[in-house]
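To start, the structure under review is shown below, and the notes come after it.
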């Protein structure tokens, strides 16, 4: 994703119906801040208006979150070749230990770091796009 304009769609908790679309930076990084202080939140729980685009979202802490990317996940056994698939995470596990997917699409690897989720992805092929 490096060098391309891309978004990561995030849903924090089970109450949120709309995705928060977080633009990635030039390194392919999307940042999300979780907080227990309601005064810091800059994204409402629900707007009823579809996807919310926010470069630096601050969201109320919840026990879980889901990520969707419009790419194929490169982790071993993770790629169902669907850009609509969701990956679920425990917030506590991600904060305490981090998560780094495998990379069957290349040689680059990552070691999980507390507070970080690293997903290796690739664009869909023409045939994969046709199946959508």
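The values are calculated or read from the model by the stated rules, or taken from the named source; none is laboratory data. Treat the numbers as computed from the prediction; the structure is a model and nothing was measured. Cβ coordinates were reconstructed from backbone atoms using ideal geometry, including for glycine residues, and neighbour counts include every protein chain displayed.
Condition check ((1) closer than 23 Å to residue 12 by Cβ; (2) at pLDDT 95 or above) across all residues:
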{"residue": "55", "(1), (2)": "yes, no"}
{"residue": "61", "(1), (2)": "yes, no"}
{"residue": "73", "(1), (2)": "yes, no"}
{"residue": "91", "(1), (2)": "yes, yes"}
{"residue": "98", "(1), (2)": "yes, yes"}
{"residue": "114", "(1), (2)": "yes, yes"}
{"residue": "121", "(1), (2)": "yes, no"}
{"residue": "132", "(1), (2)": "no, no"}
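Would you mention how many residues in region 94-132 are surrounded by 15 or more Cβ atoms within 10 Å (Cβ to Cβ) and without any contact (Cβ under 8 Å) to a residue 12 or more places away in the chain?
1
Which number in (1) at pLDDT 85 or above; (2) within 21 Å of residue 6 (Cα to Cα); (3) part of a loop (DSSP other than H, G, I, E, B) marks the one condition that residue 81 misses?
Only one criterion in (1) at pLDDT 85 or above; (2) within 21 Å of residue 6 (Cα to Cα); (3) part of a loop (DSSP other than H, G, I, E, B) is unmet by residue 81, namely (1).
Under the condition of being under 19 Å from residue 94 (Cβ atoms) and either assigned to a loop (DSSP other than H, G, I, E, B) or at pLDDT below 90 (or both), which residue from region 13-26 is farthest from the chain's Cα centre (by Cα)?
My answer is 15.
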